[in-house]
Amino acid sequence: MAHDRFIGVLECIMGRQILGHKPVGGGDIAASYLLQTAQGPVFAKMLRGSGAYDILTAEAEGLAALKKAGAISVPALYHCEKTDFGAALLMEYIPGGAGSDASQETLGRSLALLHQSTHDAFGWSRNNYIGSLPQNNPRELNWASFFTLHRLKFQFDLALSSNYIEAREVPTVGHMVHKISSLLPEVRPALLHGDLWGGNYLISADHTPYLIDPSVYYGHSEVDLAMTRLFGGFSSRFYDAYFEVSPAQPGIEDRMALYQLYYLLVHLNIFGPSYLAAVSETANSVFGGY
């Protein structure tokens with residue numbers, strides 16, 4: 001996009017003059033910018049393509065749901081608009097600060113409190129996205145069935161269609177439901193961030209944790225914990241604080257690989273065969289003998 005057109009589109013959306021801008025680090029599917037205006041800095045996420053507006057709208061709705069829960073901070077939302085190149089999401093810019101034991105403890109406690117927001121069914125009011133991939137969220141009462149059909153099977157089917165795996169490598173639906181059911185305690189639907197790796201939280205200059213880039217739905221709280229452990233970025237203080245508010249349920253360690261399998265499949269389907277070995281090893285550890 002030409003510079004003048006880029007600036008003009010964002011100024012039109014915001015109703016503010018942009019005095020300066022620079023790219024900032026962000027996710028894998030969108031371009032992100034820090035915009036300087038007379039009213040203060042603004043964070044802009046720009047996404048191309050015909051599906052861009054739906055993806056960013058889903059993100060905005062997820063952030064709004066996290067904010068409504070009142071357990072943890074999220075950036076204020078300004079605008080989510082269609083553009084002639086795709087869509088733009090504009091929100092509060094959060095200046096970063098140094099992490100600390102205290103901020104990790106606050107993040108852990110806040111996540112546990114977020115997970116106390118519940119619903120009478122698993123799923124969400126709309127389908128959304130995990131990265132660039134669809135994430136289907138029909139309302140269901142059975143967690144083992146929901147996670148099998150709408151998380152694992154959906155991603156296994158994508159991997160099959162891309163020839164990353166063979167049909168013999170995919171557990172049957174019946175086997176997955178039976179195995180998952182055998183691992184579960186009583187599960188209450190909890191409001192999840194849904195994609196909580198180390199790049200999807202911020203620590204502000206005043207040490208306040210903020211969540212960003214959610215893929216929200218109501219599911220088992222341990223799904224978020226499994227993702228925090230997959231790629232790192234969370235200290236022991238985070239987990240200690242979380243479990244002080246929400247004590248660990250028996251068998252939690254046996255479920256970590258199960259829930260990480262979903263995210264490994266997502267990475268396989270987005271980034272390709274470099275994740276195949278991890279998917280195969282994890283699937284065998286959870287569903288071995290299928």
> Given a cut-off of under 8 Å on Cα pairs at least six residues apart, what relative contact order in percent is computed for the stretch 79-234?
Replying inline: 28 percent
> Under a straight-distance cross-link criterion of Cα-Cα below 21 Å, which lysines are reachable from Lys82, leaving out those fewer than 8 residues away in the same chain?
Replying inline: Lys45
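Find, among the trypsin sites (Lys or Arg not before Pro) in the stretch 133-185, those assigned to loop by DSSP (not H, G, I, E, B) with at most 16 other beta-carbon atoms within 10 angstrom.
On the way: sites: Arg139, Arg151, Lys153, Arg168, Lys179; in loops: Arg139.
When the trypsin sites (Lys or Arg not before Pro) of the stretch 133-185 are filtered for loop state and at most 16 Cβ neighbours within 10 Å, Arg139 remain.
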>> Using amide H atoms built in the peptide plane, which far-off residues or other-chain residues are under 5 Å from His21 H to H?
In response: Gln36
> Leaving out same-chain residues fewer than 8 places away, which lysines sit with a Cα under 20 Å from that of Lys179?
Replying inline: Lys153
> How much net charge surrounds Asp195 when only the other residues with a Cβ under 11 Å from the Cβ of Asp195 are counted, with Lys and Arg +1 and Asp and Glu -1?
Replying inline: -3
> Classify the stretch 1-158: rounded, prolate or oblate, from the alpha-carbon gyration tensor (a ≥ b ≥ c, eigenvalue square roots; a/c under 1.5 rounded; otherwise prolate if a/b is larger than b/c)?
Replying inline: oblate
> With Rg and the Kirkwood Rh both taken from Cα atoms, where does Rg over Rh land for the stretch 119-252?
Replying inline: 0.98
> Looking at the chain, what % of its DSSP beta bridges pair antiparallel, to the nearest 5?
Replying inline: 95 percent
>> Can you give me the distance in nm between label points at Glu281 and Ile252, each placed 7 Å from the Cα along the Cα-to-Cβ direction?
In response: 2.4 nm
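Lys and Arg at +1, Asp and Glu at -1: add these up for the other residues within a Cβ distance under 10 Å of Thr37 and post the number.
Numbers: positive: Arg16; negative: Glu11.
Result for the local shell: 0.
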>> At most 16 other C-beta atoms within 10 Å and a DSSP loop state: those are the exposed GluC sites (Glu not before Pro) I care about. Give me the longest piece of the chain that has none.
In response: 1-165
> With all protein chains present and a 1.4 Å probe, how do His220, His150 order by accessible area, largest first?
Replying inline: His150, His220
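The values are calculated or read from the model by the stated rules, or taken from the named source; none is laboratory data. Fair warning: this is a prediction, and the values are worked out from it, not measured in the lab. A quick note on method: Cβ atoms are made from the backbone with ideal geometry, for glycine too, and the neighbour counts reach across all protein chains shown. SASA here: full protein model, heavy atoms, side chains in, ligands and nucleic acids out. Shrake-Rupley method; radii C 1.70, N 1.55, O 1.52, S 1.80 Å.
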